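Step one of this worksheet: look at the structure below.
The values are calculated or read from the model by the stated rules, or taken from the named source; none is laboratory data. Please read all numbers here as calculations on a predicted model, not as lab measurements. Quick reminder, even Gly has a Cβ in these numbers, built from the backbone with ideal geometry, and neighbours come from all protein chains shown.
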Amino acid sequence: MTGQFVAQELHRRRLPVRILCRADPPAWASAAGIEIAPGDLRDPPSLARAAHATSGIVHAACTFTDPAIDIAAMEALLAAWRGGAFVYISSLDVYGLASGLVTEDSPVTESYNDYARGKVVCERLLAEAASRAGRSDHVMLRAPYIWGPHARARKRLVSPRLEDGRPIVLPGRDPAEWAEYQDVWIDARDLAVIVAESLTRPAGGPLNVATGHFSWDHLHAEIIRLTGSKSPIVHKPLDEIADEELPRKELYAQTWRFSEARLAQHLGSIPRRPFDVTVRDTVLHRDPAPTQARGDDATPDFES
């Protein structure tokens, strides 16, 4: 998903764009005349071919499930990196279940899950490659939940439980506690602008990228309103919530706060869509035609 919005933003800026694509070109790329490089994350030589003679690399693709493939793909792209900046879409998951205020100086961990381990290792590979070459034209954008008008983003927000009208169970004993359980988000269209700016002004290290924090209660109430779902929101103490009611329930009971101050210092103020607009555009999105959905499915999985 992220890759589509990045490619469209770069094309809007009249920059030549080449995208890696596993199968038939997606309709949005064909309509824009964007160059297609056939390939796959599991095929390192195809990545080298895609990166050949480019003036910069944006690496947004990820398997989500196999860090060995992700790491090998990063190694292939770094071996082919010659001119221009290297922008890597990483994840706030590199911090694990952190607490308090989280900045780029907070420690990262490979033990949180396989997905995060792959991100941590890929970040390290990029930093080491840049250091060996004496380069600073790179950046690791540590992104949170990425939403926007795309079928994949909608699927993440509108769960089968909500579509079926079943109760949405969230942790918290009272409204004060509900409001403390937060996470962070960004609109894919705004992230694409940050990526484009980073190609010309790379930070030379990691940057937290987030538009704002949301409470789980507020998010689900808004999704229910937009979809007309009959799901009630039920709050329970964390230790009383069954796994089938809320998988990975500990994630929903975090009170972390992520700082984006370094990004603002480096790139300045970049306009962002407000929470209600991004959630609305995501939840109410419908693919315009089956051919586009097939095209998007043919592209690599992108960061979420």
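Couple of notes before you dig in:
- In the set E250, E180, E222, E197, only one residue is modelled with pLDDT under 95 and out of contact with any Ser or Thr (no Cβ under 6 Å at 6 or more places or on another chain); that residue is E250.
- Residue tally, condition within 17 Å of the chain's Cα centre (by Cα) and over 23 Å from A192 (Cα atoms), over the range 50-70: 3
- Of all residues in the range 69-88, one or more are crowded, with 20+ Cβ neighbours inside 10 Å, of a type in the set (A, V, I, L, M), in contact with a helix residue (DSSP H, G or I) (Cβ under 6 Å, 6 or more places away or on another chain) and part of a loop (DSSP other than H, G, I, E, B).
- Exclusive hit being free of Cβ contacts under 8 Å to residues at least 24 places away in the same chain and of a type outside the set (D, E), set R248, R173, R154: R248
- Of all residues in the range 186-242, those that are closer than 30 Å to S90 by Cβ, among the small types (G, A, S) and part of a loop (DSSP other than H, G, I, E, B) total 3.
- All of I241, I186 fail the test of being touching a strand residue (DSSP E or B) at 6+ places or on another chain (Cβ under 8 Å) and closer than 30 Å to S55 by Cβ, apart from I186.
- Checked against (1) without any contact (Cβ under 8 Å) to a residue 12 or more places away in the chain; (2) closer than 23 Å to A61 by Cα, G148 passes all but condition (1).
- Counted residues, the range 13-50 - those being outside any helix (DSSP H, G or I), among the small types (G, A, S) and over 16 Å from M74 (Cα atoms): 3
- The single residue among D187, D183 that is buried (at least 22 other Cβ atoms within 10 Å of the Cβ), under 19 Å from the mean Cα position of the chain (by Cα) and of a type in the set (D, E, K, R) turns out to be D187.
- Of all residues in the range 194-216 being surrounded by 20 or more Cβ atoms within 10 Å (Cβ to Cβ) and in contact with a Pro (Cβ under 9 Å, 6 or more places away or on another chain), the one that is farthest from T103 (Cα to Cα): W216
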